[in-house]
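Here is the structure we will look at, set down as structure tokens.
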Amino acid sequence: MERLGSVLQKTSTPCYGWALIPNHFHLLLKTGKEPIAQIMRRLLTGYAVTFNRRHRRYGRLFQNRYKSILCQENTYLLELVRYIHLNPIRAGIVKDLKSLDRYAYTGHSIIMGKRKNPWQDTDSVLQLFGKSKYAARKKYRDFVEKGIGRGRNPEMTGGGLLRSIGGWGVLKSMRKMNIHIKGDERILGDSDFVEKVLSQASEQMERRYRLKAEGWTLTKITERVAEIFGIEKDQVVVAGKQPNRVRARSILAYWAIRDLGLTATEVGKYLGLSKSAVSRAANRGQELIVDQFLSLKG
């Protein structure tokens with residue numbers, strides 16, 4: 001929990017809900033300045049290294065790679081907060097809601113004000129239930145209580161299809177009539193939301209293939225950035241504290257990752273930076289591109 005809090009605060013990543021279970025955990029996060037992949041790497045790898053050192057063990061600590069699902073915020077935020085916070089009851093770790101109110105290893109007790117936690121965003125959840133914290137907590141607790149009898153709730157998987165169209169019966173009837181709606185196990189939202197996310201991902205991949213086909217490489221991006229700032233190519237690749245050089249390297253990092261699809265590791269080797277430094281540089285680069293209306297192709 002200390003490491004989780006440290007990582008979330010350092011990266012300005014909002015956390016709306018969480019639960020620690022003996023053999024797994026759940027996090028409900030909103031992407032902030034760093035990608036979720038980077039957040040999870042810092043959390044899991046760092047924890048595993050510390051755990052192994054403390055217990056004098058070697059090898060992998062976690063069985064599999066984490067599973068991430070993109071959530072449609074307006075539709076599913078409260079459902080997910082409730083679903084995640086009820087995990088200890090479903091797992092038989094606590095017996096009832098009264099015990100859950102003070103349970104240390106889920107965000108529910110923080111929202112209820114029984115415990116304090118500086119890295120959990122409780123205000124964003126409570127404001128959806130009312131302006132007064134006291135009244136909002138009561139309504140939130142009533143909402144959570146209504147979810148106890150719903151069990152594991154399979155509607156929280158399967159791309160949100162079941163919930164958004166009214167259950168398996170409706171889905172089967174639609175398929176019999178050859179009516180198909182968009183769904184994806186990696187995305188939790190209605191059909192329009194899933195379609196939009198997949199379309200954006202497809203456009204991004206098409207752009208990357210097109211740029212590579214046109215001969216865009218790290219070297220060509222370096223030349224473009226050097227042209228923008230009126231500096232030599234070598235000044236872009238080699239680290240330095242001059243403002244123009246820092247800006248150029250930041251924009252290069254962003255275009256290389258977003259438009260060419262390179263990893264932070266690959267860009268880091270090219271620029272002589274760590275993964276985290278590349279992520280920070282890319283974030284700065286994105287802001288510069290928006291502020292100065294810059295384009296890769298000029």
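The values are calculated or read from the model by the stated rules, or taken from the named source; none is laboratory data. Everything numeric in this text was worked out from a predicted model, so none of it was measured. Glycine also receives a Cβ, built like all others from the backbone with ideal geometry; neighbour counts cover every protein chain displayed. We work out accessible area using only protein heavy atoms, side chains counted, and drop any ligands, DNA or RNA first. Shrake-Rupley method; radii C 1.70, N 1.55, O 1.52, S 1.80 Å.
Need pairs with beta-carbon distance below 6 Å; first residue assigned to a strand (DSSP E or B) and within segment 14-31, second polar (S, T, N, Q); sequence gap 6+ or separate chains.
As it stands, the answer is CYS15/GLN120; ALA19/ASN87; ALA19/THR106; ILE21/ASN87; LEU29/THR13, since those pairs meet every condition given.
Report, by residue number, each residue of segment 268-280 that is out of contact with any Lys or Arg (no Cβ under 9 Å at 6 or more places or on another chain) and either in a helix (DSSP H, G or I) or aromatic (Phe, Trp, Tyr) (or both). Steps first, please.
Of segment 268-280, the ones out of contact with any Lys or Arg (no Cβ under 9 Å at 6 or more places or on another chain) are 269-270, 272, 274, 277-278.
The answer is LYS269, TYR270, ALA277, VAL278.
Hey, among the residues in segment 281-297 that are free of Cβ contacts under 8 Å to residues at least 12 places away in the same chain and part of a helix (DSSP H, G or I), which one's farthest from LYS33 (Cα to Cα)?
Checked segment 281-297; the qualifying residue farthest from LYS33 (Cα to Cα) is GLN292.
So if I check each of LEU273, LEU294, which one is within 30 Å of MET40 (Cβ to Cβ) and either at pLDDT 90 or above or open to solvent by less than 80 Å² (accessible area, probe 1.4 Å) (or both)?
Values: LEU294 fails: within 30 Å of MET40 (Cβ to Cβ).
One residue alone meets the criteria, LEU273.
Filter segment 1-33 down to residues that are over 15 Å from the mean Cα position of the chain (by Cα) and among the polar types (S, T, N, Q) and give me whichever is nearest to TRP119 (Cα to Cα).
For segment 1-33, the residue satisfying everything is SER6.
Report the residue count in segment 209-237 for those that are touching a residue at least 60 places away in the same chain (Cβ under 8 Å) and β-branched (Val, Ile, Thr).
So the answer is 2.
All but one of (1) farther than 27 Å from ARG41 by Cβ; (2) open to solvent by 20 Å² or more (accessible area, probe 1.4 Å); (3) free of Cβ contacts under 8 Å to residues at least 40 places away in the same chain hold for ILE89, so report the exception by its number.
(3)
Return a yes/no flag: does segment 42-64 have any residue that is within 17 Å of TRP18 (Cα to Cα) and in contact with a strand residue (DSSP E or B) (Cβ under 7 Å, 6 or more places away or on another chain).
Checking segment 42-64: not a single residue is within 17 Å of TRP18 (Cα to Cα) and in contact with a strand residue (DSSP E or B) (Cβ under 7 Å, 6 or more places away or on another chain).
Return the residues of segment 221-230 that are in a helix (DSSP H, G or I) and either open to solvent by less than 70 Å² (accessible area, probe 1.4 Å) or not charged (D, E, K, R) (or both); say none if nothing qualifies. Lay out the reasoning, then the answer.
Within segment 221-230, the first condition is being in a helix (DSSP H, G or I), and the residues that meet it are 221-229.
Across segment 221-230, the qualifying residues are ILE221, THR222, ARG224, VAL225, ALA226, ILE228, PHE229.
If you take the residues of segment 32-54 that are farther than 17 Å from SER68 by Cα and touching a residue at least 12 places away in the same chain (Cβ under 8 Å), which of them is most open to solvent (accessible area, probe 1.4 Å)? Lay out the reasoning, then the answer.
Just the residues of segment 32-54 that are farther than 17 Å from SER68 by Cα, to begin with: 33, 46-54.
Now restrict to residues that are touching a residue at least 12 places away in the same chain (Cβ under 8 Å): 33, 46-48, 50.
Numbers: LYS33: 134, GLY46: 15, TYR47: 93, ALA48: 17, THR50: 59 Å².
Step by step, filter segment 32-54, then rank; the result is LYS33.
Quick one: count up the residues across segment 121-146 that are within 25 Å of the chain's Cα centre (by Cα) and either among the small types (Gly, Ala, Ser) or farther than 17 Å from GLU79 by Cα (or both).
Selection size over segment 121-146: 1.
Show the residue pairs that are 6+ apart or on different chains and have beta-carbon atoms under 7 Å apart, the first residue being within segment 124-151 and over 15 Å from SER109 (Cα atoms), the second being of a type outside the set (Val, Ile, Thr) and open to solvent by 60 Å² or more (accessible area, probe 1.4 Å).
Filtered contacts from segment 124-151: PHE129/LYS139; GLY130/LYS139.
Could you count how many residues in segment 105-118 are open to solvent by 10 Å² or more (accessible area, probe 1.4 Å), under 16 Å from LEU27 (Cβ atoms) and modelled with pLDDT of 95 or more?
So the count comes out to 2.
I want to confirm something. Restricting to segment 48-100 and keeping residues that are within 22 Å of the chain's Cα centre (by Cα), among the charged types (D, E, K, R) and outside any loop (DSSP other than H, G, I, E, B), which single residue is modelled with the highest pLDDT?
The qualifying residue modelled with the highest pLDDT is ARG82.
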